[in-house]
Each structure stands twice: as C-alpha cells, then as structure tokens.
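Have a look at the structure below before the remarks.
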Amino acid sequence: MENKLKRYTANLRLWHWLNAMVISGSLLTILINSTLLDRKTNAIWLSGQLKDAGAKVSEQQLGEVSHGLSEMVWNVHVYVGYFLIALLIYRLLGELMLAKKQHLFYKLKKELRMLGQRNGQIGIKDPIIKLSYLLFYVMLLFMAVSGLGIKFHSQIGLSNSMAHGLKEAHETVMYAILLFIVVHIVGVIIAERGNKRGIVSDMINGGRAED
C-alpha cells in the first residue's frame, strides 16, 4: 500500500490552497489599511469631500470616522486570523495522521542523512527547502499566538506596552512570511522551468509517491 501513497495528501493540498487564500486575505486587509484607509490620508480626503458638500465637521469627528473605517478592516483581519489558526490546527492534526514517510520531520531527516552520501553531487538545496517549510510553520504558529495575545491582551493580563511590543513583533514576522511567499513562488517557477516540472499540478492532484 505504501507505493500507492500520493506525494501530497488531500489534506495537505486542501490546507495549502486554503492557507494561501487566507494569508492573501490577511495581507489584503493590511494593504487596504495602509493605503486606501490610512487614517491620516483618509481624514484629509473626508475633510475635502465634506467641505465640497457644504458640511462642517471638527478634526476630532473626522478622526473618529477615519478610525472607524480602519477598525472595520482590522476586524476583518482578526476574523481572517481565526481562520488561519483553524487551518494551522488542521495542518498539525493532519501531520499526525500521515504515513511515516510523509511526515515533514521524516523527510527532513532523510535529506540530512543523504547529504554526505552524494559524491559531490550535493543536494543541500532540498534540506534547506525542508527547513524553510519548518521555519514557515514556526512563523505561522507565532503569528497565531501573537495575534491572539494582541486581541485579548487585557484579558490575559498583558499591559498596553507589552501588547504594543507584541504587535511590532507580529508585524515583523508578517514581513518574514511575505518574503517566504515571494521566495517560494519564485522557487516554484524556477523548478517548473527546470528539471522538477509538475510541482503545481502535483499540489492539485497529489502526484506520485516519493521513494
């Protein structure tokens, strides 16, 4: 039965594509709030529109409206984060149910054992790729935990200053994840144009089992 195992299980493929959509949605909310709904820029735009309409509002009122619009998008960001946490739990549970040869740690250890057995035809790239995936999961876990910490900081006893520091770390790791995604996409494109064609189709239909 082992020789009939797919390279990528249905659970992993489902997680991969849903995770891609959720992360894209999360990044989209950040992009919207940092551009279209930037509080200062939006307040200036609202002020101009209201003046053209003959309405008079104070700077405080403009700030509150601008803040409210921004908060609406951040609320969407929070709910997207909940989906990300659910997907992370799904991925961890799915990993536990995999056959031994499909475990990420098993594949990583296999690659590391083979490093010294390739007679100069070194394949250090494959272990690095596996390690980068492991790092990606660690970053996702940090994003999940830090996101919950930011959202519920008062309930769990974190001060505002600690929550602010956690938010800065959350944002830094977000940029690291964005970098990983860019490198991942570029790597897939290079592999598809090289000697490892079919990676994308394998992530859709499962592909063949690895030895």
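A few remarks follow.
- Relative frequency of Cα-Cα separations exceeding 20 Å in segment 1-105, percent: 58 percent
- Nearest 10 degrees, 0 to 90: helix 104-114 Cα axis against the chain principal axis: 50 degrees
- Stretched out straight at 0.36 nm per residue, the stretch from residue 24 to residue 155 would grow longer than its current Cα-Cα span by 44.3 nm.
- Label-point separation, residue 60 to residue 110 (7 Å along Cα→Cβ), nm: 6.6 nm
- Sequence of 65, 182, 145 once ranked by neighbouring C-beta atoms within 10 Å, starting from the fewest: 182, 145, 65
- If R0 is taken as 41 Å, the Cβ-Cβ distance between residue 195 and residue 167 corresponds to a FRET efficiency of 0.40.
- Rotationally averaged projected area of segment 2-205 (alpha carbon convex hull; nm²): 16.3 nm²
- Neighbour-count ranking [beta-carbon atoms within 10 angstrom, fewest first] of 15, 74: 74, 15
- Straight-distance crosslink candidates among lysines, where the alpha carbon sits under 20 Å from residue 151 and sequence neighbours closer than 8 are dropped: 167
- Look at the alpha carbon pairs under 8 Å that are at least 6 residues apart: their mean separation over the length of segment 2-205 gives a relative contact order of 20 percent.
- Ellipticity at 222 nm from helices only: DSSP H runs of n ≥ 4 in the chain, each -39500 (n - 2.57), divided by the residue count, give -26000 deg cm²/dmol.
- Here residue 14 and residue 183 are evaluated by their C-beta separation; at R0 = 25 Å the FRET efficiency comes out at 0.60.
- Note on residue 51: lysines with a C-alpha under 23 Å away, same-chain residues under 8 apart excluded, are 40.
- Linear extension gain, residue 76 paired with residue 53, 0.36 nm per residue minus alpha-carbon span: 5.3 nm
FYI, it's all coordinate maths here, none of it is from the lab. Keep in mind that what you see is a predicted model, and the values were worked out from it rather than measured. Because the Cβ atoms are built from the backbone with ideal geometry, glycine has one as well, and the counts that use them run over all protein chains shown.
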